[in-house]
Amino acid sequence: MGGRRVRPPFLYMLTSATAAQASPSESSGVGLSTAARGLVLVGATVIVVVVLIATKGYQPAAQATANGLVSGTYFALGAVGLALVFGVLRLVNFAHGDFLTFGAYSALLANAFFNLPIIVATAIAVAATAVLAAVLELAVWRPMRARRAGGLQLLLIAIGLAFVIRNGIQIAAGTEPRTLHVDITSAVSFLGGIRLGTTELAVVVIGLVALVLVAILLSISRLGKEMRALADNVSLAEVAGIDTGRVIIATWLVAGALAGLAGVLVAAAVGVLTPQFGFQLLLSLFAATILGGIGNAYGALAGGLLLGLAQEWSTLFIDPRWKLAVGFAILILTLLIRPNGLLGRPALK
Amino acid sequence: MLGSKLSGFRALAAALLPAAMIVAACGGTTNSSGSSLNFTMTIGDVEPFTGDLGALGAPSDKAVKLAVDQLNKASKDAGLSVTFKLVSADTQTDPQAALSAARKVVDEGATCLTGPATTPESLAILNGLTKARKITMLPSATSAKLRKTDDGGTIFRTAPPDNLQALALIDAVTKQLGSASGKTVSIGYQNSPYGEGLANTFKDAWEKAGGKIQGPVGYDPNLSNYNAEAGKIVANNPDAYVFADFPDTFGKVAAALLRTGKFDANKLFVSDALAVSPIPSSIPAAALNGAHATNAGSPIGTAVAADFDKLYTGAPGPGRYALDDNMFDAGILCGLAAIAAGSNDPAAINGQMRKISGPNGKEFTFTKLADAVKALRAGTQIHYMGVSGAINFDASGDTSTGTFDISTWKNGQLVLDRKVDTKP
Amino acid sequence: MIPHLISIAPFGHLDFWLGVGIVAGIYAIFTLGLQLNVGFTGIVNLGQAGFMAIGAYAMAILIVNYGWSPWLALPVATLVAMLAGVIVGMPAVRLRGDYLAIATIAAAEIVQSTAQNAINLTGGNNGLLGFDAAWQTIQIWALGLLATIGLGQMDQIPLFALTWITFGALLVILFTLQHTPWGRVLRAIRENEDAAEALGKNAYAYKIQSLALAAAIGAIAGYLLALNITLIYPGTYSADFTFIGFAILVLGGLGSYSGVALGSILLWFVLEGARFIDLPLSADKVAALRLLIVGLVLIFIMALRPQGILGKREEMVLRG
């Protein structure tokens, strides 16, 4: 993992810096703060939208943007969880997509089987997935770290967990297509011809609210600061007195909760559930995380939204069959041109 | 009468003598010279229980299991000691796994295969196993490609091939629009062998008839957002939409179609994989009520369809899904062919397939299966009338009724409008 | 026909297990490439199925669409796969471990997506047929030979033999390469890339070579798979194929080429043998159970015995 410069061990530095702010030794010249880069991204997005409207017409471009926001919302929710886990644990969680599936099916169980209202079912799903993540941390990841397991070991364990969760859900729930008790057909028109489903709008609102809450949590809460401290330098964080075990569990709980929520939102927006959908999403989540800057939760948030937008914008130009390939192409381009993503730090080798 | 019965048996015995020797060597016994047959026949069901078409496996398997139950009941009622067994295996919607699944069931004694669900899987099994061993395979795959494949006469299909179904769809659409020329049809399809095959077959045929095509728009079954695809399908207000898809994916696309606000279900035409009645809970009813479906033969609204529906929904397991009626018929055909052959020998069973499926012979539906069995033992030629249609295998092993039902969903139920005869 | 049927029956499940043996051989060849990359170079190649697809499609397209002879198409297609390895490798091997893995899997997904959607080139969802005429001729000749010793009905033996002979040949080649200076540099790179660079070795170039060679090996696995199912189908070359390869890799043991054979045979014995499990579960659940087993293998091996069966504990030291 390359050498890391040791930063002055003062806790106050942690309370003021955002995760992506370059340390004194790195901020030579190039490097805007995260906030500044975020603004640039927003600006660039607006410009792109304007260009698209000019070239493709208002309704198609605006509709594609709206569609992109819908999928971008749950991409972002999933990607933030991935990024948090990677940032704190340096673990690429290949099972994350199946956390989303788990969340969706938990909601299904509560909502369609026990007939609980969808809000309650969502809360149950969020809690259940958070618990799943924490249980796996205690049962699998913590013991493996104690044994000094290497990166490849952890990677393959994650892949194995993905298989287990996905097929476990299939054993429990079968392959029959299922739906939540939500209205997936009503839609509203707004802003001159954009149409979105009422549930889709709810998904966007709920998702964005959750994302904002998580962003706030990360930046001002003590837990958030501790997570970022751990992401920076584990031994240093321990020296500063942070209970790494507790923070790691908290990270998994948050990541699991976000994944559970994302899963329910996908199920609600799309309408029909089958056990495979999580893995398909996983690669898009990777693309989002890397686009934004792996290990950087704010980056993942931006990356998710951007990826959703990019995929939907691409349908204005090419056959929608290629939508997924566009996501992978973006992932590869990011790795080629700017491996640390749009909001990440400059590359550290 | 006795004389003709004996000469019939003599011919049968002469044809089957080699087979009888083999079956004897294999450990099964045949007794083709009396009124009581005694052997066990194993039907192998190879279905996608996992993978892209994973939603299809369990309902199809249930249908074949019901067929096996009916065969056992009929055998007992007719006084035979023929036992039917079912062994199933997962093809994972993948040709390699399908081949392995087929080997598994054949090694467990299967002498007639029902399934698989896609053409690539069927080809893998055919070329790797069943062609050489003369084992009959009844896939629910519908590509016209299978017609031209050299299968040694081992493939029979109860689901109509795409080229015929496309003609039926054209007929249905043309009837509604008045003519094909100058009219635009927007095609949507599931990005899989079935969807792509039928969509392109329809596209070629419609353009040949002078019409215009918007799309075709293909979509993956596991996408997380179908809005863009739905938008492209309903754009420019086409004269009609044609969809080649399965219920689980279509549920997601249908919701997106309805949300565009531009979708008119009355202009929608779907193929047999979506012709499910009542509308499943995974598809918003508003997308299908008023829409039309093509389906082979004469299943809708007939007594036998209602009887099958009662049988299926009354049994434990998943609900009605795509092509379950076709798979039920496949199972029954395997069993009847074995009884007609008087043995469990694959080649003999294969030889009987055309003789029990029409167009000649006394007609029997599954409700009168015991009578059909008795008729077979009496040497009468029978014509099994399936729940999915009148069967009538042609020279390529496809159903050649050419007769399709055009139906419309009204209040969640498919109601028969009319029948159409297609000529390829 | 009659003798054909008489001899099959007493062999029972042998036919099934021969089929499993062919699949195990194909996966073993596939995983040799993974072993070269992961066990001997230290790069996590999660895109091996994509290289397999490129080789197989190139072979079929050249034969079917352009009428080439298979004896020309096979080597050219292998070169195409190697070229793909170079193209993917050039940007990818610069990246750190996890990023490299993700880059390779993204490349493989693009390959699979192209295979599925570029209908005019690749046949789309229905794939390509008809490239195996030469093999069919060879097979008939081989079965004729076998008939002289009474085994003419075991129609899988020719492909079984071809697969495992190919595996053996590749095994010998890889063993030999391991003991060449080239092979030693690879191991040095795996164990300590900085040290290797300090000694003047261009780690970047070696890693790309390793990836290209693995791509060629993957392509060969692809040809054999295509011969087994007689068609090229996009859904075959999925990420799951690579994941199963990794399960085999760790089961056999990192750093052991012969372990690959053991791992493949064991895993496929368990996976396919599980088809015969008679549980009071419906068929779709039993099917999911088989795949769940793959996941459990990965987890338990990595957790409890990371060196696998034939690997050495020291080999588990991996960068990043």
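Can you say whether residue B:394 is farther than 30 Å from residue B:108 by Cβ, acidic (Asp, Glu) and modelled with pLDDT under 95, as far as the supplied structure shows? Judged against the criteria, residue B:394 is a match. The helices (runs of 4 or more DSSP H) found wholly in the range A:144-260 and carrying at least 3 residues that are within 14 Å of another protein chain (Cβ to nearest Cβ) and either in contact with a strand residue (DSSP E or B) (Cβ under 6 Å, 6 or more places away or on another chain) or buried (at least 19 other Cβ atoms within 10 Å of the Cβ) (or both) occupy A:151-173, A:198-220. Identify, please: which residue in the range C:75-103 is modelled with pLDDT of 95 or more and surrounded by 20 or more Cβ atoms within 10 Å (Cβ to Cβ) and is, among those, farthest from the other protein chains (Cβ to nearest Cβ)? Among those that are modelled with pLDDT of 95 or more and surrounded by 20 or more Cβ atoms within 10 Å (Cβ to Cβ), it is C:78.
Of all residues in the range B:58-79, none satisfies being within 10 Å of chain C (Cβ to nearest Cβ) and assigned to a loop (DSSP other than H, G, I, E, B). Taking the criterion of being of a type outside the set (A, V, I, L, M, F, W, C), touching an Asp or Glu at 6+ places or on another chain (Cβ under 9 Å) and more than 7 Å from every other protein chain (Cβ to nearest Cβ), the only residue of the range A:276-287 that qualifies is A:278. Reported count of residues in the range B:110-124, each being under 21 Å from residue B:62 (Cβ atoms), in contact with a Ser or Thr (Cβ under 7 Å, 6 or more places away or on another chain) and more than 9 Å from chain C (Cβ to nearest Cβ), is 6. Residues in the range C:228-245 that are closer than 23 Å to residue C:266 by Cα and within 12 Å of chain B (Cβ to nearest Cβ) were compared, and the one that is surrounded by the most Cβ atoms within 10 Å (Cβ to Cβ) is C:237. Considering the range A:68-98, and only residues there that are buried (at least 24 other Cβ atoms within 10 Å of the Cβ) and not in a helix (DSSP H, G or I), the residue that is farthest from the other protein chains (Cβ to nearest Cβ) turns out to be A:93. Modelled with pLDDT under 95, closer than 16 Å to residue A:266 by Cα and in contact with a helix residue (DSSP H, G or I) (Cβ under 7 Å, 6 or more places away or on another chain), is that true of residue A:74? Spelling it out, residue A:74 is indeed modelled with pLDDT under 95, closer than 16 Å to residue A:266 by Cα and in contact with a helix residue (DSSP H, G or I) (Cβ under 7 Å, 6 or more places away or on another chain). If you go through the range C:302-317 and keep only what is surrounded by fewer than 18 Cβ atoms within 10 Å (Cβ to Cβ) and modelled with pLDDT under 85, you end up with C:312, C:313, C:314, C:317. Taking the range B:204-246 as the range and being on the phi > 0 side of the Ramachandran plot and within 13 Å of another protein chain (Cβ to nearest Cβ) as the test, the residues that pass are B:215, B:236.
Could we say that residue B:82 is closer than 24 Å to residue C:285 by Cβ and of a type in the set (A, V, I, L, M, F, W, C) here? In short, no.
Per-residue answers, yes or no, for (1) buried (at least 24 other Cβ atoms within 10 Å of the Cβ); (2) in contact (Cβ under 8 Å) with a residue 40 or more places away in the chain; (3) under 15 Å from residue B:272 (Cα atoms):
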{"residue": "B:181", "(1), (2), (3)": "no, no, no"}
{"residue": "B:184", "(1), (2), (3)": "no, yes, no"}
{"residue": "B:190", "(1), (2), (3)": "yes, yes, yes"}
{"residue": "B:204", "(1), (2), (3)": "no, no, no"}
{"residue": "B:215", "(1), (2), (3)": "no, no, no"}
{"residue": "B:224", "(1), (2), (3)": "yes, no, no"}
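Counting the residues of the range C:104-113 that are at the interface with chain A (Cβ under 7 Å from one of its Cβ atoms) and either of a type in the set (Asp, Glu) or over 12 Å from residue A:290 (Cβ atoms) (or both) gives 4. Just one residue in the set B:315, B:275 is within 20 Å of residue B:416 (Cα to Cα) and either within 14 Å of another protein chain (Cβ to nearest Cβ) or in contact (Cβ under 8 Å) with a residue 40 or more places away in the chain (or both); that residue is B:275. For the range A:313-337, residues that are over 26 Å from residue A:59 (Cα atoms) and either surrounded by fewer than 18 Cβ atoms within 10 Å (Cβ to Cβ) or not hydrophobic (A, V, I, L, M, F, W, C) (or both) total 4.
Go through the range C:178-203 and give me each residue that's of a type in the set (Phe, Trp, Tyr) and more than 24 Å from the chain's Cα centre (by Cα). Scanning the range C:178-203 gives no hits. Please verify whether the range B:269-283 includes one or more residues that are assigned to a helix (DSSP H, G or I) and surrounded by fewer than 23 Cβ atoms within 10 Å (Cβ to Cβ). So far as the range B:269-283 goes, no, none of its residues is assigned to a helix (DSSP H, G or I) and surrounded by fewer than 23 Cβ atoms within 10 Å (Cβ to Cβ). Whether a residue is more than 18 Å from residue A:281 (Cβ to Cβ), small (Gly, Ala, Ser) and more than 11 Å from chain B (Cβ to nearest Cβ) was assessed, and residue A:303 does not pass this test.
Test of understanding: among C:279, C:289, which residue is at the interface with chain A (Cβ under 8 Å from one of its Cβ atoms), of a type in the set (A, V, I, L, M, F, W, C) and either surrounded by fewer than 22 Cβ atoms within 10 Å (Cβ to Cβ) or touching a Lys or Arg at 6+ places or on another chain (Cβ under 7 Å) (or both)? Break it down stepwise before answering.
Numbers: C:279 fails: at the interface with chain A (Cβ under 8 Å from one of its Cβ atoms).
One residue alone meets the criteria, C:289.
Only one residue in C:122, C:78, C:166, C:137 is out of contact with any Cys (no Cβ under 8 Å at 6 or more places or on another chain) and over 30 Å from residue B:130 (Cβ atoms), so which one is that?
Working: C:122 fails: over 30 Å from residue B:130 (Cβ atoms); C:166 fails: over 30 Å from residue B:130 (Cβ atoms); C:137 fails: over 30 Å from residue B:130 (Cβ atoms).
C:78 is the lone residue from the list that is out of contact with any Cys (no Cβ under 8 Å at 6 or more places or on another chain) and over 30 Å from residue B:130 (Cβ atoms).
Taken over the range B:62-121, the criterion of being farther than 30 Å from residue A:170 by Cα and touching a Lys or Arg at 6+ places or on another chain (Cβ under 6 Å) is satisfied by B:78 alone.
Restricting the search to strands (runs of 3 or more DSSP E) fully inside the range B:373-424 and requiring at least 3 residues that are more than 24 Å from residue B:172 (Cα to Cα) and free of Cβ contacts under 8 Å to residues at least 60 places away in the same chain gives B:382-384.
Taking the criterion of being within 20 Å of the chain's Cα centre (by Cα), within 12 Å of chain A (Cβ to nearest Cβ) and over 20 Å from residue C:236 (Cα atoms), would at least one residue in the range C:43-51 satisfy it?
First, pick out the residues of the range C:43-51 that are within 20 Å of the chain's Cα centre (by Cα): C:43-51.
Checking which are within 12 Å of chain A (Cβ to nearest Cβ) leaves us with C:43-47, C:50.
Then drop every residue that is not over 20 Å from residue C:236 (Cα atoms), which leaves C:43-44.
Yes, the range C:43-51 contains at least one residue that is within 20 Å of the chain's Cα centre (by Cα), within 12 Å of chain A (Cβ to nearest Cβ) and over 20 Å from residue C:236 (Cα atoms).
For the range A:115-133, which residues satisfy the criterion of being assigned to a loop (DSSP other than H, G, I, E, B) and either in contact with a helix residue (DSSP H, G or I) (Cβ under 8 Å, 6 or more places away or on another chain) or modelled with pLDDT of 95 or more (or both)? Result: A:116, A:117. Any residue at all in the range C:165-184 that's over 20 Å from residue C:43 (Cα atoms) and at pLDDT below 90? So far as the range C:165-184 goes, no, none of its residues is over 20 Å from residue C:43 (Cα atoms) and at pLDDT below 90. Within the option set B:89, B:67, being more than 20 Å from residue B:329 (Cβ to Cβ) and buried (at least 22 other Cβ atoms within 10 Å of the Cβ) holds for one residue only, B:89.
The values are calculated or read from the model by the stated rules, or taken from the named source; none is laboratory data. A quick note: this is a predicted structure, and the numbers were derived from the prediction, not measured. Please note: Cβ atoms are built from the backbone with ideal geometry, for glycine as well, and neighbour counts cover all protein chains shown.
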